[in-house]
Amino acid sequence: MTIKEVFAKAADILERDGWCQGRYVDRFGRRCMAGAILSAGTGYAGGDWTSKERKFADEFGWDLDWARWNDTKGRTQDEVIAKLRELAA
């Protein structure tokens, strides 16, 4: 899967499952931007990272700025999805 495909799939995940702030995956299955990217790349469903998630993060050049940007007060699901679509283009 290419990086652009990961971003597009992450946007699809947020549209399907919902969006949250403050955690990768909440108890309702909603994901933050970073959680959706991780899910798109590895199938991550929450909890502790396995070696598969760590390998993906290393290869993908994991950026914690995504989590900080996602968690900015006033950020919306629509903004996050739009950013992922922009990155996928």
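The values are calculated or read from the model by the stated rules, or taken from the named source; none is laboratory data. What you see is a predicted model, and the numbers here were worked out from it, not measured in a lab. FYI the Cβ positions are ideal-geometry reconstructions off the backbone, even for glycines, and counts take in every protein chain you see.
Looking only at residues of the stretch 1-10 that are surrounded by fewer than 23 Cβ atoms within 10 Å (Cβ to Cβ) and either among the aromatic types (Phe, Trp, Tyr) or in contact (Cβ under 8 Å) with a residue 12 or more places away in the chain (or both), we find that the one that is nearest to Asp58 (Cα to Cα) is Ile3. Taken over the stretch 44-66, the criterion of being among the small types (Gly, Ala, Ser) and more than 13 Å from Tyr24 (Cβ to Cβ) is satisfied by Ser51, Gly61. Taking the stretch 1-35 as the range and being small (Gly, Ala, Ser), at pLDDT below 95 and out of contact with any Cys (no Cβ under 9 Å at 6 or more places or on another chain) as the test, only Ala34 passes.
Look at the stretch 68-89: where a residue is basic (Lys, Arg) and a partner is assigned to a helix (DSSP H, G or I), sitting 6+ places away or on another chain with Cβ atoms under 8 Å, you get Arg75/Trp69; Lys83/Met33; Lys83/Trp69; Arg85/Phe7; Arg85/Ala8; Arg85/Ala11. Lys55 falls short on exactly one of the conditions (1) in contact (Cβ under 8 Å) with a residue 12 or more places away in the chain; (2) over 22 Å from Ala89 (Cβ atoms), and that condition is (1).
Please verify whether the stretch 35-42 includes one or more residues that are surrounded by 15 or more Cβ atoms within 10 Å (Cβ to Cβ) and not in a helix (DSSP H, G or I). Within the stretch 35-42 (the criterion being surrounded by 15 or more Cβ atoms within 10 Å (Cβ to Cβ) and not in a helix (DSSP H, G or I)), the answer is no, since none of the residues qualifies. Of all residues in the stretch 67-89, those satisfying the criterion of being among the hydrophobic types (A, V, I, L, M, F, W, C) and assigned to a helix (DSSP H, G or I) are Ala67, Trp69, Val80, Ile81, Ala82, Leu84, Leu87, Ala88. Within the stretch 67-86, does at least one residue satisfy the condition of being modelled with pLDDT of 95 or more, surrounded by 13 or more Cβ atoms within 10 Å (Cβ to Cβ), over 9 Å from the mean Cα position of the chain (by Cα) and small (Gly, Ala, Ser)? No, the stretch 67-86 contains no residue that is modelled with pLDDT of 95 or more, surrounded by 13 or more Cβ atoms within 10 Å (Cβ to Cβ), over 9 Å from the mean Cα position of the chain (by Cα) and small (Gly, Ala, Ser). If I filter the stretch 55-66 for residues that are more than 12 Å from the chain's Cα centre (by Cα), modelled with pLDDT of 95 or more and assigned to a loop (DSSP other than H, G, I, E, B), do I get at least one hit? The answer is no, given that none of the residues of the stretch 55-66 is more than 12 Å from the chain's Cα centre (by Cα), modelled with pLDDT of 95 or more and assigned to a loop (DSSP other than H, G, I, E, B).
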